[in-house]
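Here the structure is laid out as structure tokens; the discussion comes afterwards.
The values are calculated or read from the model by the stated rules, or taken from the named source; none is laboratory data. Owing to the predicted nature of the structure, the values given are computational and were not obtained by experimental measurement. Cβ sites come from the backbone with ideal geometry, for glycine too, and all protein chains shown count toward neighbours. Each accessible area value is taken on the protein alone, full model and side chains, heavy atoms only, with ligands, DNA and RNA left out. Shrake-Rupley method; radii C 1.70, N 1.55, O 1.52, S 1.80 Å.
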Amino acid sequence: MYRWLRKPKYSATRRLHLKSKLLKRAASMLVAESEGKKHEKERVLNESYPPLKLSGLSVEELQNLCKDLHHKIDVVDEVRYDMEVKVAKNDTEIQMLSQKIVGLKGAKRPNLKRVKKTTDDMLGACSDNSKLMKADFKAKLKTVKKEEEKKEEVTDWRKNVEAMSGMEGRKKLFNAGK
């Protein structure tokens, strides 16, 4: 029997009710999971780095504590830098390998478009006249004229200084531009 004729097992209201219950249950599970991760993070941080007890310490002890903290920060920065270098190296290696893969696969050929040919073209391609048509191909091409660029003559600027000075020289430049 056809699927669209089959009667659903649950009514629409029942399905909607079940869906809403599932969504509520999933939301509560997400909240519980996020709280569990938060507590786990706090626990690990408290085990790794106990809270500082600064009360009752002398100046020398505080200075030593600061030096220890700076040393730990330096160690962490070195580890972070090493990790960044490793990640950058791996990224470049991945990029090189992906380029090699593309090179091994070869260039992707584009889909070719269909070209409509007239009957004359089809007959010409089959007969001996095809050689003649190839000769005519160049005759059908448009000719393109190359415009020669105007090359300004390079002259000594010192010769024209007196001639181009003042309003008369500017008038000559204005008239030359027209």
Which numbered condition A125 fails, given (1) assigned to a helix (DSSP H, G or I); (2) open to solvent by 100 Å² or more (accessible area, probe 1.4 Å); (3) at pLDDT below 85; (4) of a type in the set (A, V, I, L, M, F, W, C): (2)
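This table checks each residue for (1) more than 30 Å from D68 (Cα to Cα); (2) in a helix (DSSP H, G or I); (3) open to solvent by 100 Å² or more (accessible area, probe 1.4 Å).
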{"residue": "H17", "(1), (2), (3)": "yes, yes, no"}
{"residue": "A26", "(1), (2), (3)": "yes, yes, no"}
{"residue": "A32", "(1), (2), (3)": "yes, yes, no"}
{"residue": "R43", "(1), (2), (3)": "no, yes, yes"}
{"residue": "P51", "(1), (2), (3)": "no, no, yes"}
Going through the stretch 3-48 one residue at a time, which ones are over 30 Å from K72 (Cβ atoms), modelled with pLDDT of 95 or more and hydroxyl-bearing (S, T, Y)? S20, S28
